[in-house]
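Student: Quick one: the structure is below, questions incoming.
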């Protein structure tokens, strides 16, 4: 109940923000009769309507995970956010290995087996994408110095 | 025979060594991702778009690969359904009823064989229908103006909003979010920036590959943490993957009916494989009456949904290729792929770029033949993939997703966006919002806006132009009807049957159907 209501509030806030921002789209020369505001205004109306209905009739069967899983979720998001930070510095192979090891650990892998699997996977992906498909992936600025 | 000659030319394209290799890879990847619960075709297609783009293969080859994943997944989804009672994608949910019952009765082998044959029949019949109806549809749609296109897109959005999740309100909210994302970036007509939050990375707009991978693949990584315990134990013995001629003959009418139904449902926007399989199953159950053992292990209970969900794939290709208007999450991603490759699907596609259409259609025949071979004698190999531990599979998918997202613009910013959409996707799934409308809104939004503004420019700002032609009025009525449908159907089903065990709610995976 409460979750759906909060989702409704979010939608209303986003809808209002989208509509407000749209009102600032001023065009000096209109290439077409309705301009760049029309679709954003429709979007704002849809989000506001859906949000209000959800706030008034918050039907949901959501079951949020327990504390242990919540901690895992935070860990996974941190690992995912760490990746773009590390990628250009440590390079694709090392960053991928670290993040995949972390994720596999959250999924219950023993640390050593997870690390071994992650190392093999990162190297295989590097060989496949960089060597075979010639898709450039960062080597890492640390190794180039 | 004259009608067949373009198809033969298409066959020449489809059997070129590169394309044979790609269709085979596509159907294998499709079978695997269809089979693995949680990893659907939409993830695999979105991930492979930047990769295929980077390799520089011609567009028809890329399309052959990506569509191969789509129909391949409809074969694969029944494997885990039948053996583990865990549907690989939502369109195989009904297959579980009789498929798993057969496995428990020691007849998993025949169930797998029936599912492969039904998938093949559904696939083949519907490609024939595709080859026949797509040119007709093109000829009809050639007269569509911007007003008709706008109405058609509104119909696509309203149908997907109503049918993709349990609740219409959530579907509309998801569509709204997708359309909002579509407006991000420089407005192509007035060149003013919209919703870029001051980031230059967003001036070009939100890349649909980044958003799709975030919403589907990354949210799956988060979603599955709740059930992160080990791999699945597949019951080792499912007997020989064979059915008798008698069993096949008993199901022949079921196969034909389910294939036709699946194709028709596939053409409609919003419906797709999940609803097709559900309708086919319930139709056959009703027709069989007391002679059937539906629900407790009837082979026709496997044949009907599998034929229908495979047939729906070719059905869904018709609006995608001949109108350029997809009706589901997966076909929306395919539209995004086509546009990325510089192909604008629409009524002129078949005439102006026959290689694309006929090459694809011919490759689908080839791919279905491969799939039958892969799924009958080689099903045991695929079952091994199901035994891989989840701790390896899911982080592995995440790593491949990283490569794909990075390949789009070679920017770390996209990886941050991907994670952001992963969290949004996770919350939306938890709160039972469908994800497919977001992707459809994002891909179709710019086209819808362009057609609306073009229609208004042509009429000089007169809104009545949107309701001017009979086609447009019909499409508006269909849009309204699709919005009313869930409410009416709900009343009707509550009135008629107290048993609500099988309802086609496309849950998180339904988006992939």
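What follows is calculated from the coordinates using simple rules that are stated; it is not laboratory data. All figures in this text were calculated on a predicted structure; none of them were measured in a lab. For neighbour counting, all protein chains shown are included, and Cβ atoms are generated from backbone atoms with ideal geometry for every residue, glycine included.
Student: Sort B:79-86, A:133-140, B:285-292, B:36-43 for me by packing, meaning the mean count of neighbouring Cβ atoms within 10 Å per residue, highest on top.
Tutor: B:36-43, B:79-86, A:133-140, B:285-292
Student: Next up: Can you pull the one-decimal nm distance between simple spin-label points at residue A:2 and residue B:9, each 7 Å off the Cα toward Cβ?
Tutor: 6.6 nm
Student: Classify the protein assembly as shown as rounded, prolate or oblate, taking a ≥ b ≥ c as the square roots of the eigenvalues of its Cα gyration tensor: rounded when a/c is under 1.5, otherwise prolate if a/b is larger than b/c and oblate if not.
Tutor: rounded
Student: For the stretch B:258-330 and the stretch A:66-145, write down the distance between their C-alpha centroids in whole Å.
Tutor: Using only Cα atoms to place each centre, the spacing works out to 40 Å.
Student: Can you give the angle from 0 to 90° between the axis of helix A:38-56 and the longest principal axis of chain A, with both taken from C-alpha atoms, to the nearest 10?
Tutor: 90 degrees
Student: State the extension gain, in nm to one decimal, for the chain segment bounded by residue B:352 and residue B:139, taking 0.36 nm per residue of separation less the distance between their alpha-carbons.
Tutor: Answer, rounded to one decimal: 75.4 nm.
Student: Starting with the highest mean, order B:414-422, B:366-374, B:382-390, B:110-118 by the number of other Cβ atoms within 10 Å, averaged over the residues of each peptide.
Tutor: Result, highest mean first: B:110-118, B:414-422, B:366-374, B:382-390.
Student: Under 11 Å from a point 7 Å along the Cα-to-Cβ line of residue B:481: which residues of the stretch B:132-146 have their amide N that close?
Tutor: Within reach of a label on residue B:481, which here means backbone N under 11 Å from a point 7 Å along Cα→Cβ, the stretch B:132-146 contributes nothing.
Student: Next question. If the label point is 7 Å along Cα→Cβ of residue A:23, which residues in the stretch B:180-197 have backbone nitrogen under 19 Å from it?
Tutor: Answer for this model: B:194-196.
Student: Using the Cα gyration tensor of the stretch B:1-103, with a ≥ b ≥ c the square roots of its eigenvalues, what is the shape: rounded (a/c below 1.5), prolate (a/b larger than b/c) or oblate (neither)?
Tutor: Verdict is oblate for the stretch B:1-103.
Student: By how many degrees, between 0 and 90 and to the nearest 10, does the Cα long axis of helix B:436-459 differ from the longest principal axis of chain B?
Tutor: 40 degrees
Student: If I model a spin label as a point 7 Å beyond the Cα along the Cα-Cβ vector, how far apart are those points for residue A:74 and residue B:387 in nm?
Tutor: Reported label-point gap for residue A:74 and residue B:387 is 3.9 nm.
Student: What does the structure give for B:457-470 when I average, per residue, the other chain Cβ atoms found within 10 Å of the residue Cβ?
Tutor: Partner Cβ neighbours, averaged per residue: 1.
Student: Here's another thing I want to ask about it. How shielded is B:184-196 by partner chains, expressed as the average number of their Cβ atoms within 10 Å of its Cβ atoms?
Tutor: Across the residues of B:184-196, the mean count of other-chain Cβ atoms within 10 Å is 4.
Student: Hey, how many Å between the Cα centroid of the stretch B:155-229 and the Cα centroid of the stretch A:41-65?
Tutor: Each part reduced to its Cα centre gives a spacing of 16 Å.
Student: Hey, how many Å between the Cα centroid of the stretch B:351-381 and the Cα centroid of the stretch B:16-56?
Tutor: Value for the Cα centre distance between the two parts: 13 Å.
Student: Label-point separation (nm) for residue B:457 and residue B:85, each offset 7 Å from Cα along Cα-to-Cβ?
Tutor: 5.9 nm
Student: Another question, then. Set the Förster distance to 56 Å, then compute FRET efficiency between residue A:145 and residue A:13 from the Cβ-Cβ distance, nearest 0.05.
Tutor: The computed FRET efficiency comes out at 0.75.
Student: Roughly what angle does helix B:17-35 make with the longest principal axis of chain B, taking Cα atoms, 0 to 90 degrees, to the nearest 10?
Tutor: 70 degrees
Student: Let me check against my output: what whole-number percent is the relative contact order of the stretch B:328-436, with C-alpha pairs under 8 Å and at least 6 apart?
Tutor: Relative contact order for the stretch B:328-436 comes out at 23 percent.
Student: Now for a separate question. What is the average number of partner chain Cβ atoms found within 10 Å of a Cβ in B:387-394?
Tutor: Mean inter-chain Cβ contacts per residue within 10 Å come to 5.
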